[in-house]
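Every number in this text was worked out from the coordinates using simple rules, so none of it is lab data. The structure displayed is predicted, hence computed values, not measured ones. Quick reminder, even Gly has a Cβ in these numbers, built from the backbone with ideal geometry, and neighbours come from all protein chains shown.
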Amino acid sequence: MFAVKREFISFEWDDNKRLKNIEKHGIDFPRAARAFSHPHLESQSDQNGESRILAICPETERLIAIVYTMRGDVCRIISARAARKNEQTAYRQIFG
């Protein structure tokens, strides 16, 4: 994982996936998109020929984990959930 401060020009997502994510994790994608305005951690993996990035971002009073991919200049959010304990630890080791 590495620390970044990245701001995207635009975001997109599948609206059906967004609704399922709200039901399962209680996090709406527009809210997750706003979390990118803060410094965060990222790690990258390639799945089925598509590069996916896991971002650990601060959001209000908690940390959230956002999985996204880039489609040109657009950040496509795939999922967002509460950060796991190990992800929270990694974030706090870098950002305090």
Query raised in the report: Between Ser79, Ser45, Ser37, which gets the highest mean-square fluctuation from a Gaussian network model of the chain, Cα cutoff 10 Å?
Result: Ser45
Query - Listed residue (Gly49, His38, Cys75) projecting farthest to the positive dipole end of region 2-95, Cβ model - result: His38
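Let me have the 222 nm mean residue ellipticity of the chain computed from DSSP H runs of 4+ only, each contributing -39500 (n - 2.57), with the sum over all residues rounded to the nearest 500. Walk me through the numbers before you get to the answer.
Details: 3 runs with 29 residues, N = 96.
The helix contribution divided over the chain gives -9000 deg cm²/dmol.
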Query raised in the report: Magnitude of the Cβ-charge dipole of the chain, K/R +1 and D/E -1, about the Cα centre, nearest 20 debye?
Result: 280
Query raised in the report: Which residue, chosen from Asn86, Ile9, Phe29, occupies the Cα position most advanced towards the positive end of the dipole of the chain, where the dipole is computed from +1 (Lys, Arg) and -1 (Asp, Glu) charges on Cβ about the Cα centre?
Result: Asn86
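Using the Cβ atoms and a cut-off under 15 Å, what net charge is assigned to the surroundings of Met1, where Lys and Arg are +1 and Asp and Glu are -1?
Details: positive: Lys5, Arg6, Arg52, Arg84, Lys85, Arg92; negative: Glu42, Glu87.
Net local charge, Met1 excluded: +4.
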Query raised in the report: Any idea what log10 I(q)/I(0) is at q = 0.12, 0.19, 0.21 Å⁻¹ for region 2-95, Debye with uniform C-alpha scatterers and no solvent?
Result: -0.33, -0.87, -1.07
Query - Most mobile listed residue (Arg84, Arg18, Arg52) in the chain, GNM with C-alpha springs under 10 Å - result: Arg84
